[in-house]
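What follows is a single structure, written as structure tokens, with notes after it.
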Amino acid sequence: MAMDDHYYEGVGRRKAATARVRLFDGGDGTVVVNDRPVEEYFVREVDLFHLQEPLVATATENRFNVSVKVQGGGMTGQAGAVRLGIARALLKANPEWRPVLRKGGFLTRDARVKERKKPGLKRARKAPQYTKR
């Protein structure tokens, strides 16, 4: 990919993961994550399926080359971040896809994050065992 290529950019976040996604128009559907093929980076089938969903919904699997830089979090969080980034980039490429992407739930940021541990408790909500006597 040459530096003068036109691309659409989208940023996706999920839990502690952040993904910067670039869609290069006129591609053959190649997806590269952190300079590695997507199948090599995301080895779990469910993660691969998850991040391809916005492209499948808009029927653009083979129209764009996708370049992703992702950091932080775990594999599932990163896959979710890439998915949101792809959806946002697709929206910049063609605003008419908004209803399709919205209906699939691809534009909604999943706000669930790990709850912090509270003082006096073992975890966020688990309390020490209560003894009456």
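The values are calculated or read from the model by the stated rules, or taken from the named source; none is laboratory data. Note that the structure is predicted; figures quoted are calculated from it, not measured. Note that we place each Cβ from the backbone using ideal geometry, even for glycine, and neighbour counts take in every protein chain shown.
Restricting the range 112-126 to residues that are of a type in the set (A, V, I, L, M) and at pLDDT 95 or above leaves a set whose member that is nearest to the chain's Cα centre (by Cα) is ALA124.
Is it true that some residue in the range 21-32 is in a loop (DSSP other than H, G, I, E, B), farther than 30 Å from GLU115 by Cα and free of Cβ contacts under 8 Å to residues at least 12 places away in the same chain? Within the range 21-32 (the criterion being in a loop (DSSP other than H, G, I, E, B), farther than 30 Å from GLU115 by Cα and free of Cβ contacts under 8 Å to residues at least 12 places away in the same chain), the answer is no, since none of the residues qualifies. Taken over the range 24-75, the criterion of being small (Gly, Ala, Ser), buried (at least 17 other Cβ atoms within 10 Å of the Cβ) and under 20 Å from ARG14 (Cα atoms) is satisfied by SER67, GLY73.
Figure legend. Inter-residue proximity from the range 80-109: first residues over 22 Å from GLY29 (Cβ atoms), second residues surrounded by fewer than 20 Cβ atoms within 10 Å (Cβ to Cβ), beta-carbon distance below 7 Å, spacing 6+ or different chains. Indicated pairs: ARG109/ARG13.
Residues in the range 114-133 that are out of contact with any Lys or Arg (no Cβ under 9 Å at 6 or more places or on another chain) and loosely packed, with under 10 Cβ neighbours inside 10 Å were compared, and the one that is farthest from GLY74 (Cα to Cα) is ARG133.
Restricting attention to the range 50-72, which residues are at pLDDT 95 or above and of a type in the set (Phe, Trp, Tyr)? Listed by number, the list is empty, since nothing qualifies.
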